[in-house]
Amino acid sequence: MKYALVAAVILQGTTVLASLLPVHFKAPSAAHFFDLVQNDTYDFGCRPKAVPTDDGHFTLHALLTEGQIAYLTKEYEPSSEITLHRIDISKRAAIAPIGNGDRFQAGAVAPSGLGTKATGSTISSIMNVNEINSAIKGLVNAYGISTITLPYRTFNGATQTAAYVGAGTDKSKYRLYLSAGMHARERGGPDQLIYFISDLLAANKAGTGLKYGSKSYTNAQVKSVLAAGVVFFPLVNPDGVAYDQSSNSYWRKNRNTRSGTSGTSVGVDINRNFDFLWNFRKYFSPYTAPASTSPGSETFYGTAAASESETKNHVSIYSSFPKIRWFMDIHSAAGDILYNWGDDELQTTSSTMNFRNAAYDGERGLLGDTAYKEYMPSSDATNIKNVAAKTVAAMRAVGGRSYTAMQSVGLYATSGASDDYAASRGYSISGANKIYGFTMEFGYSTNFYPTLAEFNTNILDTNAGFMDWALAAIAVGLD
Ligand SMILES: [Zn+2]
């Protein structure tokens with residue numbers, strides 16, 4: 001059996017290699033990539049990211065087919081400025097296995113995180129979709145936490161569940177909201193969130209603290225995070241995750257077939273489907289493509305703002321928990337904490353230059369220009385940067401991996417993303433609470449399928465990040 005399992009894991013790895021290959025481009029500046037990242041047929045991961053190198057250049061990671069690699073290699077042949085490099089993954093350890101069966105036995109067994117276990121303990125596989133649901137039931141059974149069944153079924157008929165812990169039954173007492181599993185292939189996000197909540201509950205019950213690598217937290221800190229009220233939605237895209245786990249195809253979108261029934265034309269990118277500047281052709285400069293209208297693209301924006309059940313369910317949480325102040329969406333793979341805004345660079349001086357002002361339609365999304373930058377009051381900008389900085393400091397402190405805090409817009413503008421939608425509500429919906437929006441990009445550049453060791457490192461790093469994010473948010477204020 002043991003050998004059969006190893007063979008199966010190797011076979012899975014081979015299947016991945018056959019379709020999309022990890023590569024990186026290298027150039028003397030981030031600006032060299034601007035034309036390349038406009039092309040919505042290429043897959044740059046969650047959001048394109050230029051990473052500075054030790055020799056003063058920049059790299060841009062991507063997942064490409066053999067055909068695309070051949071085309072682009074030829075395209076860049078005459079240019080000494082941009083070069084394309086394959087990433088040798090032949091020497092990498094096998095990807096972490098997906099659990100088979102149900103380790104939580106339909107909720108009879110509660111999940112138990114790494115922060116409450118002895119140093120060096122590990123989790124042996126990534127949860128399958130059924131296990132994620134069982135894990136929530138396990139927490140209900142062990143700790144009496146409350147769940148909420150979200151109103152819309154997914155395209156493939158899945159019922160979606162969120163849960164809330166720490167602040168009792170009054171939903172207006174909940175201030176923190178975390179979600180994961182929006183992009184199907186970003187393996188480990190749901191696990192990190194569930195194990196983190198499990199740690200909070202176990203430490204609270206036992207009267208102990210938490211320890212993630214070199215980073216420790218007291219029981220008082222655990223209690224303070226719980227008292228802030230934590231809403232968690234660990235599997236935003238169950239159809240996509242089920243498909244990705246069964247196909248190892250680096251699947252990102254949901255599985256809606258209304259706009260396309262085969263291959264990459266299936267599915268909508270949930271993280272371009274939120275009602276924030278969704279109709280990007282109207283709101284953004286024609287010289288940028290923050291999403292795609294093409295069903296075959298990884299960033300296909302859907303058929304209307306919030307056309308997808310997963311998006312509607314994600315948004316319904318704000319109605320159920322009207323006082324959420326801090327939101328984090330968990331993605332991979334880059335090693336960053338991103339904060340608002342993602343549509344353009346942030347500015348704090350002109351309050352009328354904002355996403356609601358039609359005078360700027362057609363101007364948004366170009367970086368390095370002065371025609372448009374997105375407004376945020378300076379006190380909010382100070383707060384959001386401060387919390388992002390504390391989050392990355394905690395993640396670094398766990399085991400020494402470097403993480404960076406930056407604005408979501410990074411190299412490239414996005415429309416319809418969950419973090420900007422969260423932040424937009426306070427401006428565009430009468431009576432809606434102000435929300436600070438974050439995206440955590442755990443892991444390593446375009447390394448969506450971690451090895452088992454990386455999966456465990458990611459749990460430790462992210463869980464410390466969640467703790468310090470919550471503690472920093474509490475310090476800034478919940479009301
Ligand atoms: Zn993502």
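The values are calculated or read from the model by the stated rules, or taken from the named source; none is laboratory data. Note that the coordinates shown come from a computational prediction; the quantities given were computed from them, not determined experimentally. Using ideal geometry, Cβ is built from the backbone for each residue, glycine included, and neighbour counts are taken over all protein chains shown. Just so you know, the surface numbers come from the protein's heavy atoms only, side chains and all, with ligands and any DNA or RNA stripped out. Shrake-Rupley method; radii C 1.70, N 1.55, O 1.52, S 1.80 Å.
Here are some notes:
- When Thr59, Thr41 are screened for being more than 30 Å from Asn219 (Cβ to Cβ) and not in a loop (DSSP other than H, G, I, E, B), only Thr59 passes.
- In region 21-39, of all residues being open to solvent by 10 Å² or more (accessible area, probe 1.4 Å) and in contact with an Asp or Glu (Cβ under 8 Å, 6 or more places away or on another chain), the one that is nearest to the ligand (Cβ to nearest atom) corresponds to Leu21.
- Subset tally (residues that are near the ligand (Cβ under 9 Å from one of its atoms) and more than 14 Å from the chain's Cα centre (by Cα)) for region 326-345: 0
- All positions within region 62-86 that are polar (S, T, N, Q), assigned to a helix (DSSP H, G or I) and modelled with pLDDT under 90: Thr73
- Restricting attention to region 265-301, the residues being within 16 Å of the ligand (Cβ to nearest atom) and out of contact with any Asp or Glu (no Cβ under 6 Å at 6 or more places or on another chain) number 8.
- The listed residues are Ala381, Ala470, Ala464, and the only one of them that is away from the ligand (no atom under 16 Å from the Cβ), assigned to a helix (DSSP H, G or I), in the same structural domain as Gly188 (by TED's automatic domain parsing) and closer than 25 Å to Pro97 by Cα turns out to be Ala464.
- Among the conditions (1) more than 19 Å from the chain's Cα centre (by Cα); (2) open to solvent by 10 Å² or more (accessible area, probe 1.4 Å), the only one that Gln245 does not satisfy is (1).
- Test: residue in region 16-25 that is at pLDDT below 85, closer than 29 Å to Thr293 by Cβ, hydroxyl-bearing (Ser, Thr, Tyr) and part of a helix (DSSP H, G or I): yes
- Scanning region 372-403 for residues that are open to solvent by 40 Å² or more (accessible area, probe 1.4 Å), in contact with an Asp or Glu (Cβ under 8 Å, 6 or more places away or on another chain) and at pLDDT 95 or above gives Lys373, Lys390, Ala393.
- Cβ-Cβ distances below 6 Å connect the following pairs, each with a first residue in region 67-86 that is of a type outside the set (Val, Ile, Thr), a second residue that is at pLDDT 90 or above and assigned to a helix (DSSP H, G or I), and a separation of six or more residues or different chains: Leu84/Leu72.
- Residues that are in contact (Cβ under 8 Å) with a residue 60 or more places away in the chain and away from the ligand (no atom under 16 Å from the Cβ) within region 41-58 comprise Thr41, Ala50, Val51, listed in sequence order.
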